[in-house]
Each structure stands twice: as C-alpha cells, then as structure tokens.
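Here the structure is laid out as structure tokens; the discussion comes afterwards.
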Amino acid sequence: QVQLVESGGGLVQPGGSLRLSCVASGITFNMNIQGWYRQSPGKERELVADITAGGTTYHADSVKGRFTVSRNIDTNTLYLQMNSLKFEDTALYYCNVRYPGANYWGQGTQVTVSS
C-alpha cells in the first residue's frame, strides 16, 4: 500500500522560508516521477515542481528561482525548499508520485503566507 505523508507547512511572513517534506512508503523513487502540486481556493490544482527518476527537475515559472525540489532516495523523502515566499504562494501543497498507470497523492500540507 502506497502512502505519502507531507509535513512542514505553516504560517510564514512574506519573504520567509519553509521546507516541505514528503515521506513515501510502499513505493521507491527509482522508477517514477515525484512532484509537488498546490491548490488555492477557487483555483485548479497546479504543478509546482517535479523530479524524474533520472534526477531531472522542473519548476513552474511562478516559483523558479525561489523554490527547489529535491529528494533523498535512501529515505524515500521528497523535499520542497521554498524561499522568498509571497502572498500568492498560499495554498494546500500536495506530494505526488506517478508513473504510467498509477498516480498517488498525499493528504496535503497547508502553507499560508501572511503578514
């Protein structure tokens, strides 16, 4: 049974930083794509960043230069380092692992950027 558990969300002031973590069980990172999505009220869920099995990363234009996706294959943990946070980064952030025929989601962790 695949389980993804996110942590690290919280309340932060504009310009601050947070690091999200996602621990995966029941699946390993060597055969799939791992990523972070986010969803704000009234908006569709959007891809923030992901990393392929080979280590190639993608970051959405809205977060490029501020967020960094990484992982630790030994501990099956996915990370999202978020710096220079803005009001518009406020959202529920989801961990995702996918490969052809399968798509797994965590329960989400809330990030709120507010002064």
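If the elastic network links every pair of Cα atoms under 10 Å, which of Pro100, Pro41, Pro14 fluctuates the most in the Gaussian network model of the chain? The residue with the greatest mean-square fluctuation here is Pro100. Stretching Glu46 away from Asn103 to a fully extended chain increases their span by 19.0 nm, per 0.36 nm per residue minus the current alpha-carbon distance. Taking the Cα centre of the chain as reference, the dipole from Cβ charges on Lys and Arg (+1) and Asp and Glu (-1) amounts to some 60 debye. Taking the Cα centre of each part, how many Å lie between segment 1-57 and segment 77-115? Their Cα centres are 4 Å away from one another.
Extending 7 Å from Cα along the Cβ direction at Ser114 and again at Arg66 yields two label points whose distance is 1.8 nm.
Values quoted throughout were computed directly from the atomic coordinates according to the rules given, and no laboratory measurement underlies them. Keep in mind that this is a model prediction, so the values were computed, not measured. Quick reminder, even Gly has a Cβ in these numbers, built from the backbone with ideal geometry, and neighbours come from all protein chains shown.
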